[in-house]
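Computed from the coordinates by the stated procedures, all read-outs in this text should not be read as laboratory data. Please read these numbers as outputs of a predicted model, since none were measured by experiment. When we count neighbours, we look across all protein chains shown, and the Cβ atoms used for this are built from the backbone with ideal geometry, even at glycine.
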Amino acid sequence: MKIKPINAALGAEVTGINLADLSEQDFQALYDAWLHYCVLVVRQQSLTENSLVSFSKRMGKLELPPASEARVSGDGGASLPEIWTISNVTVKGKAIGALGNLEADWHSDMSYRPAPPAASVLYAREIPKSGGNTSFANMYAAYFNMPESLKAEISRLHVRHDSAYTSVGTLRADSRAVEDLSEVEGAIHPTILVHPETGREALFLGRRLNASFIELPNDVSERLLDRVWEHCSNSDFVYEHIWEVGDLVIWDNRCTLHRRDAFDNDARRVMWRTQIKNTHVA
């Protein structure tokens with residue numbers, strides 16, 4: 001197994017392993033590298049649904065997709081309940097997966113929950129010829145390199161995370177449209193997170209849409225969040241992943257943000273995702 005850093009921001013590429021047949025020693029090295037680099041790109045995997053779930057369970061307990069994410073199986077859609085299909089493909093007019101072909105804004109997964117997942121695992125089954133790239137931003141680095149004056153402004157603040165909309169801006173099933181920030185429903189988290197496994201400090205912002213600092217008036221909150229987001233999405237903190245079939249990417253949801261480029265809806269993109277519960281919540 002070889003682990004090679006991708007760029008100065010974050011991420012490492014892993015080659016020379018088969019995740020379906022991984023020794024305990026190699027798994028521990030992989031896990032330690034994930035904590036260190038935040039994002040791992042494991043190349044040239046050939047996984048079944050069962051082998052993807054088995055590997056993911058070694059990372060921790062799995063989150064099951066909510067009922068609102070349920071889709072039809074077939075034509076690339078996964079059948080096991082632990083796997084979320086992310087795809088634009090339809091079968092007889094019904095989507096086999098979530099999120100379609102639209103651009104996904106910067107976000108951390110399910111931050112609107114009281115205990116968001118610790119990690120996400122995304123496996124590329126089919127990819128378009130262009131578009132659909134996924135970018136990751138290092139929130140350790142964003143916080144470490146933040147101006148001290150801005151750190152001081154946000155150090156004791158908490159963000160409310162909107163639960164109504166997906167990362168592509170569509171309204172979730174059983175949610176109502178948000179007309180005003182006072183109507184936002186979702187978990188409240190400290191802006192600065194102390195990572196439960198590494199002890200390092202990171203920004204934890206979730207998503208910009210309908211977010212607010214609960215301690216501030218809405219207009220003041222909006223201006224301050226704009227400044228924070230402008231800083232944290234700086235290209236110095238970002239790695240853009242161009243997918244290949246067989247890539248499996250694992251990211252730490254507690255110290256990264258990610259986004260996705262849109263792609264041609266006539267092309268096919270089929271991804272299988274699992275999510276790892278955060279069992280280290282205080």
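The conditions of being without any contact (Cβ under 8 Å) to a residue 24 or more places away in the chain, among the acidic types (Asp, Glu) and either touching a Lys or Arg at 6+ places or on another chain (Cβ under 7 Å) or under 22 Å from His195 (Cα atoms) (or both) are met by Asp32. Only a single item in (1) basic (Lys, Arg); (2) closer than 23 Å to Asp247 by Cα; (3) in a helix (DSSP H, G or I) is not met by Arg125, and it is number (3). Filtering segment 234-268 to residues that are over 13 Å from the mean Cα position of the chain (by Cα), of a type in the set (D, E, K, R) and in a loop (DSSP other than H, G, I, E, B) leaves Glu244, Asp247, Asp261, Asp264, Asp266, Arg268. Figure legend. Inter-residue proximity from segment 166-188: first residues farther than 11 Å from Asn210 by Cα, second residues in a loop (DSSP other than H, G, I, E, B) and acidic (Asp, Glu), beta-carbon distance below 7 Å, spacing 6+ or different chains. Indicated pairs: Val168/Glu103. Looking for something touching a Phe, Trp or Tyr at 6+ places or on another chain (Cβ under 9 Å), within 30 Å of Ser212 (Cα to Cα) and assigned to a strand (DSSP E or B) - is there at least one such residue anywhere in segment 35-49? Yes, segment 35-49 has at least one match.
Between residues in segment 90-114 that are farther than 19 Å from Arg259 by Cα and touching a residue at least 60 places away in the same chain (Cβ under 8 Å) and residues that are acidic (Asp, Glu) and surrounded by fewer than 19 Cβ atoms within 10 Å (Cβ to Cβ), which pairs lie under 7 Å by C-beta distance while being six or more apart or on different chains? Correct list of pairs: Ile96/Asp75. Of all residues in segment 164-189, those satisfying the criterion of being buried (at least 18 other Cβ atoms within 10 Å of the Cβ) and polar (S, T, N, Q) are Thr166, Ser167. Here Arg227, Arg176, Arg223, Arg156 are screened, and the one residue that is under 23 Å from Ala104 (Cα atoms), out of contact with any strand residue (DSSP E or B) (no Cβ under 6 Å at 6 or more places or on another chain), of a type outside the set (A, V, I, L, M, F, W, C) and part of a loop (DSSP other than H, G, I, E, B) is Arg176.
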